[in-house]
Amino acid sequence: MKKAAILGSTGSIGTQTLEIARTNKDIGITALAARNNITLLEEQIREFRPKLAAVWSREKAAELRSRVRDLEVKIVSGMDGLLEVACEPEAEILVTAIVGMIGILPTIEAIKAGKDIALANKETLVTAGHIIMPLAREKDVSILPVDSEHSAIFQSLQGGQEKALHKILLTASGGPFRGKKREELADIQVEDALKHPNWTMGRKITIDSSTMVNKGLEVIEAKWLFGMSVDQIQVVVQPQSIIHSMVEYKDGAVIAQLGTPDMKLPIQYALYYPERRYLPGDRLDFSALSQITFEQPDMDTFFGLRLAYEAGRAGGTLPTVFNAANERAVAMFLEREIRYLEIPEMIQACMEAHKNLADPTVEEILKTEQETYEFIKNRW
């Protein structure tokens, strides 16, 4: 039986990972971590019986500890708790499904402990890819992408011809505002931005998809995962979300991975790689599929994507600024503290004010994050 630990077990990716474990019955869950949803976490503990569980708040941890006192499970909290979950001795693979830069340190420690990583926390590579990927190679650890697009690229490279790779074609649905111009987005409300046409995701990533900042983060993530420059990664809008991404080889051949919009496929592929298993769910019906269309992204209206390319080319601490500014801007928008169009405007202002630092340490990355938050606090 394969054994796994999950960071972010109560979120969208985490709950779907547990669905896969429930269906297949041959994945043991040794450790779980959630932010503060202890009601769902208690249910997960009672079903999957991990040895270890973590929540961020010490107070919530104490409450959870009381709730599950009839079980043999250790309850921990804070960053120390996340690190303990990440390094749980029996786990062979760590699913990093938490959102934000909080995932950097646990991922690093898990790699040092020899764990394979099922990576759904894109911020880790966006901000610290220059640290994560060399460390994974040093420790002979696999980084298995869980994002639908990066999994599609990974699957398309399984012919073993990575050295012949010429370009990555990273697909995007275009989000709920595809085709709109900037002036049409001035009065967008939270409810509008949370209506993604194809995917069901967490609130933060759904907003990121609507601004196309999420696609920008994926461009930078793909740079590190597949050893490409950002200029070898082309975003292609594919509104039906049927083609999840493609690779183009030196001879002009293009290999694509197609499927219905279902995150359980890339999650299961990462958990069982290189084995493919039966997955219940809808299948593509090509007799009913009338067309698959393509468009170029509008980087004037959705200029957060253009800013991501700038950050990815520059490297250093600029991707951290891009990511941190977006995290804070999205949080403020969800709290109705800023307008929708202020999200990319805030990112741009932070990037323009930043003095880039090449090849930063983890400490310098985290310091840059805090400096970005401070800049926003003083400016907005």
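Taking the stretch 323-366 as the range and being of a type in the set (K, R) and touching a helix residue (DSSP H, G or I) at 6+ places or on another chain (Cβ under 9 Å) as the test, the residues that pass are R328, R336, R339.
A quick yes/no check of all residues on (1) among the small types (G, A, S); (2) loosely packed, with under 14 Cβ neighbours inside 10 Å:
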{"site": "G202", "(1), (2)": "yes, no"}
{"site": "F226", "(1), (2)": "no, no"}
{"site": "I233", "(1), (2)": "no, no"}
{"site": "Q238", "(1), (2)": "no, no"}
{"site": "T293", "(1), (2)": "no, yes"}
{"site": "L305", "(1), (2)": "no, no"}
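Cβ-Cβ contacts under 7 Å between residues 6 or more apart (or on different chains), taken from a first residue in the stretch 124-147 that is crowded, with 21+ Cβ neighbours inside 10 Å to a second residue that is charged (D, E, K, R) and at pLDDT below 95, are listed as D147/K122.
Restricting attention to the stretch 71-87, the residues that are in contact with a Leu (Cβ under 7 Å, 6 or more places away or on another chain), part of a helix (DSSP H, G or I) and over 20 Å from L119 (Cβ atoms) add up to 0. Applying the set (1) under 17 Å from L169 (Cβ atoms); (2) surrounded by fewer than 19 Cβ atoms within 10 Å (Cβ to Cβ); (3) hydroxyl-bearing (S, T, Y) to Y273 leaves exactly one unmet item: (1).
Close Cβ contacts (under 8 Å, 6 or more residues apart or on different chains) running from residues in the stretch 265-287 that are among the polar types (S, T, N, Q) to residues that are assigned to a loop (DSSP other than H, G, I, E, B) and open to solvent by less than 80 Å² (accessible area, probe 1.4 Å) comprise Q268/R277; Q268/L279. For the stretch 110-123, taking the residues that are under 16 Å from the mean Cα position of the chain (by Cα) and small (G, A, S), the one that is surrounded by the fewest Cβ atoms within 10 Å (Cβ to Cβ) is identified as A118.
Determine whether the stretch 320-340 contains at least one residue that is more than 25 Å from D192 (Cα to Cα) and crowded, with 17+ Cβ neighbours inside 10 Å. There is at least one residue in the stretch 320-340 that is more than 25 Å from D192 (Cα to Cα) and crowded, with 17+ Cβ neighbours inside 10 Å. Taking the stretch 1-22 as the range and being within 12 Å of L94 (Cα to Cα) and open to solvent by 50 Å² or more (accessible area, probe 1.4 Å) as the test, the residues that pass are K2, K3. Pairs linking a residue in the stretch 337-352 that is among the acidic types (D, E) to a residue that is open to solvent by 30 Å² or more (accessible area, probe 1.4 Å) and assigned to a helix (DSSP H, G or I), with Cβ atoms under 9 Å and 6 or more positions apart or on different chains, are E337/A331. Scanning the stretch 23-51 for residues that are farther than 24 Å from M101 by Cβ, open to solvent by 20 Å² or more (accessible area, probe 1.4 Å) and in contact (Cβ under 8 Å) with a residue 12 or more places away in the chain turns up T23, N24, D26, E42, R46, E47, F48, R49, K51.
The values are calculated or read from the model by the stated rules, or taken from the named source; none is laboratory data. Computed from a predicted model, the values in this text were never measured in an experiment. With ideal geometry, Cβ positions are generated from the backbone for all residues, glycine too; neighbour counts draw on all protein chains shown. Only protein heavy atoms, including side chains, enter the accessible area calculation; ligands, DNA and RNA are left aside. Shrake-Rupley method; radii C 1.70, N 1.55, O 1.52, S 1.80 Å.
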